[in-house]
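Asker: Below: one structure in structure tokens.
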Amino acid sequence: MKEKLLITIFALLLSYSGKTCTNLMITPGASADGSAIISYAADSHVRYGTLLHIPGAKHAPGSMRQIYEWGTGRYLGQIPQIAETYSVMGHMNEHQVVIGETTWNGETICRDPNGMLDWGSLIYIALERSKSAREAIETITTLANRYGYASAGETFSIADPKEVWIMDIISKAPKIENGENVNRGLVWVAIKIPDGAISAHANQARITTFPLNDSENCLYSPDIISHAREIGLFKGKDSQFNFAKCYGDESPGKIRSCDARVWSFFNRWAKDDMARYLPYALGDPQKERMPLYLLPKRKLSVIDVAEMMRDHYEGTPMDMTHDIGAGGNELPYRWRPTRWEVDGKTYTNERPIAIQATGFWYVAQLRSNFPKSIGGIFWFGLDDAATSPLTPIYSSATAVSPHYAVGNGSMVRYSPTSMFWLTNRIAQFAYLRYNHIGKEVQEIIREHEANAVEEVKMIDQVALQIAKENPQYLSQFLTNYSVNSANSLFHKWKKLDEYLLIKYMDGYTKHQNEDGSFTTNQYCDSIPVPPQAPGYTDLWKKAVIESTGERLLLK
């Protein structure tokens with residue numbers, strides 16, 4: 001009884017975090033420039049967005065690495081440090097290895113209450129110690145098996161410039177003896193996405209059946225099937241074993257809030273007609289499930305992936321701007337809780353890729369046609385992807401802009417110099433009149449990112465020249481560019497915040513001249529001409545009439 005109570009409490013603590021994230025995965029053969037591209041949104045209502053930099057270092061014998069749970073700061077223990085660790089910028093290291101994740105909880109029996117390594121610690125330790133995606137997989141599994149896994153079911157995107165892998169993991173069901181788990185470790189499976197294909201995951205285990213005899217393209221724990229038999233989760237033939245079905249959660253609500261995001265990505269970019277998978281995406285587990293990966297309609301660019309991270313199901317049956325929940329200004333968001341009841345019936349709001357509760361997000365670009373010090377570009381943003389811009393950061397950079405740095409503000413402490421708080425200010429304002437303010441913010445973002453992509457091309461060429469002629473200056477050059485670009489974007493966004501307030505205050509929209517200045521009357525250069533009053537959508541007006549009858553009718 002005590003063992004079951006301990007496991008139940010631990011499972012509740014894990015589920016309380018409310019983490020919901022999305023990863024998009026593009027193999028080199030599916031990208032416009034031959035890059036491997038991974039995107040990630042760290043979605044959480046308690047996550048404060050900053051850019052973490054861990055410098056590479058050499059460690060003395062006997063050194064220990066402290067382990068703190070990434071989502072809560074809870075101390076978990078310590079493990080022996082290795083002799084040398086690599087520099088990490090965000091979720092990418094100096095060797096262009098990148099790791100993203102999404103949590104899916106899964107079977108509650110599969111929790112280790114004594115586990116030391118949570119999913120966040122595994123990500124950063126693997127980045128500190130790995131030169132390739134395969135090394136990262138080995139690091140994650142070896143450490144979790146040795147020290148225990150302290151989180152719920154998880155899917156990782158793991159990539160280097162040549163390979164992109166998807167990996168599903170969950171703890172073994174524990175066996176507690178004298179307060180310790182003697183059945184420590186993971187059950188896991190990792191599949192290499194075929195070059196030329198695209199994939200995604202969004203808080204759902206994605207790997208179903210998998211090849212049992214293809215170690216080049218599929219890796220898995222030796223007891224992945226036998227453990228499922230031992231704990232009563234599987235009884236069929238080995239060839240029929242389905243990881244997601246066995247260890248994951250295929251409830252209708254889970255599918256609709258999670259796999260639907262994968263469907264939206266495939267719907268926009270896959271060659272296949274995704275209509276056949278729509279019933280499943282809408283929450284019917286009996287309908288045809290989507291493949292793990294598909295071929296794209298055309299090769300994707302960094303901009304394409306960034307735009308997809310801003311998706312709200314536009315143009316699909318799940319588009320939220322076409323019902324009264326969008327208010328009078330076509331807001332594609334719904335405030336939590338996601339599920340709600342009316343007259344004893346339960347309803348759900350859609351959960352798109354882009355949501356308001358995002359700590360940080362990125363599009364990682366891994367380029368094999370450049371030296372490793374130049375090849376990795378970590379396009380990084382803070383807060384809601386739909387209203388925040390990306391800034392390019394070379395993964396070999398050795399410093400972070402103070403506007404993005406850890407320690408500058410928190411979720412309960414406002415900082416006027418924090419990019420996270422600045423992007424939140426703009427987002428909160430945009431939510432008030434999304435079809436006007438949000439639209440303009442997105443236009444400005446697109447212009448900024450298009451210019452940044454072109455600028456990076458020029459920086460690449462300069463960096464190559466420096467690497468050839470004066471390699472000792474390369475690191476400082478790329479660091480200066482990365483930091484200065486982020487600083488410049490902060491100041492640009494601060495002006496945008498002020499401009500939006502002036503233009504859109506009090507529900508009006510001021511007129512502007514061709515040069516962007518505000519139009520004033522003919523008598524005084526500080527008094528604007530009467531502003532526009534755009535009002536509300538027709539959908540909203542009709543809904544108001546239906547709820548008020550003739551009370552507002554002018555007779």
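The values are calculated or read from the model by the stated rules, or taken from the named source; none is laboratory data. In this text the structure is predicted, and so the values were computed from the model without any measurement. Cβ placement follows ideal geometry from the backbone for every residue including glycine, while neighbour counts extend to all protein chains displayed.
Asker: What pairs come out if I take residues in the stretch 313-331 that are without any contact (Cβ under 8 Å) to a residue 40 or more places away in the chain and pair them with residues that are hydroxyl-bearing (Ser, Thr, Tyr) whose C-beta lies under 6 Å away, six or more apart or interchain?
Answerer: Within 6 Å, the pairs are ASP319/TYR313.
Asker: Shifting gears a bit: Among the residues of the stretch 529-545, which ones are part of a loop (DSSP other than H, G, I, E, B) and of a type in the set (Gly, Ala, Ser)?
Answerer: Selection gives ALA533, GLY535.
Asker: Could you figure out which of (1) surrounded by fewer than 24 Cβ atoms within 10 Å (Cβ to Cβ); (2) over 25 Å from the mean Cα position of the chain (by Cα) isn't true of THR139?
Answerer: Unmet for THR139, out of (1) surrounded by fewer than 24 Cβ atoms within 10 Å (Cβ to Cβ); (2) over 25 Å from the mean Cα position of the chain (by Cα): (2).
Asker: Quick one: count up the residues across the stretch 1-53 that are in contact with a Ser or Thr (Cβ under 7 Å, 6 or more places away or on another chain), at pLDDT 95 or above and among the hydrophobic types (A, V, I, L, M, F, W, C).
Answerer: Qualifying residue count, the stretch 1-53: 8.
Asker: Part of a loop (DSSP other than H, G, I, E, B) and either crowded, with 21+ Cβ neighbours inside 10 Å or without any contact (Cβ under 8 Å) to a residue 40 or more places away in the chain (or both): is that true of ALA205 in this structure?
Answerer: When the stated conditions are applied, ALA205 passes them.
Asker: Next question, about the same structure. Can you confirm whether LEU186 is in the same structural domain as CYS21 (by TED's automatic domain parsing), on the phi < 0 side of the Ramachandran plot, free of Cβ contacts under 8 Å to residues at least 60 places away in the same chain and buried (at least 23 other Cβ atoms within 10 Å of the Cβ)?
Answerer: Spelling it out, LEU186 is indeed in the same structural domain as CYS21 (by TED's automatic domain parsing), on the phi < 0 side of the Ramachandran plot, free of Cβ contacts under 8 Å to residues at least 60 places away in the same chain and buried (at least 23 other Cβ atoms within 10 Å of the Cβ).
Asker: Also: Count, please, the residues in the stretch 57-81 that happen to be within 25 Å of the chain's Cα centre (by Cα), surrounded by fewer than 14 Cβ atoms within 10 Å (Cβ to Cβ) and either assigned to a loop (DSSP other than H, G, I, E, B) or at pLDDT below 95 (or both).
Answerer: Going through the stretch 57-81 one residue at a time, the tally reaches 2.
Asker: Taking the stretch 463-487, which residues are over 26 Å from the mean Cα position of the chain (by Cα) and under 15 Å from HIS403 (Cα atoms)?
Answerer: Result: ASN480, single match.
Asker: A further question on this structure: Looking at (1) surrounded by fewer than 19 Cβ atoms within 10 Å (Cβ to Cβ); (2) out of contact with any Lys or Arg (no Cβ under 8 Å at 6 or more places or on another chain); (3) more than 23 Å from PHE378 (Cα to Cα), which is the only condition HIS45 fails?
Answerer: (2)
Asker: Also, I was wondering about something else. Could we say that TYR347 is surrounded by fewer than 19 Cβ atoms within 10 Å (Cβ to Cβ), outside the structural domain of SER264 (by TED's automatic domain parsing) and in a strand (DSSP E or B) here?
Answerer: Here the answer is yes, as TYR347 does meet what is asked.
Asker: Here's something else I'd like to know. GLU84 fails exactly one of the following numbered conditions: (1) within 27 Å of VAL483 (Cα to Cα); (2) surrounded by fewer than 20 Cβ atoms within 10 Å (Cβ to Cβ); (3) modelled with pLDDT under 95. What is the number of that condition?
Answerer: Condition (3) is where GLU84 drops out.
Asker: Continuing with this model, one more query. Only one of these is in contact with a helix residue (DSSP H, G or I) (Cβ under 6 Å, 6 or more places away or on another chain) and on the phi > 0 side of the Ramachandran plot: GLU350, GLU330. Name it.
Answerer: Just a single option satisfies the conditions, and that option is GLU330.
Asker: Right, next: Among the residues of the stretch 87-136, which ones are surrounded by fewer than 24 Cβ atoms within 10 Å (Cβ to Cβ), in a loop (DSSP other than H, G, I, E, B) and polar (S, T, N, Q)?
Answerer: Result: SER87, THR108, ASN114, SER130, SER132.
Asker: Tell me the residue from LEU478, LEU501 that is assigned to a helix (DSSP H, G or I) and surrounded by 15 or more Cβ atoms within 10 Å (Cβ to Cβ), please.
Answerer: Among LEU478, LEU501, only LEU478 is assigned to a helix (DSSP H, G or I) and surrounded by 15 or more Cβ atoms within 10 Å (Cβ to Cβ).
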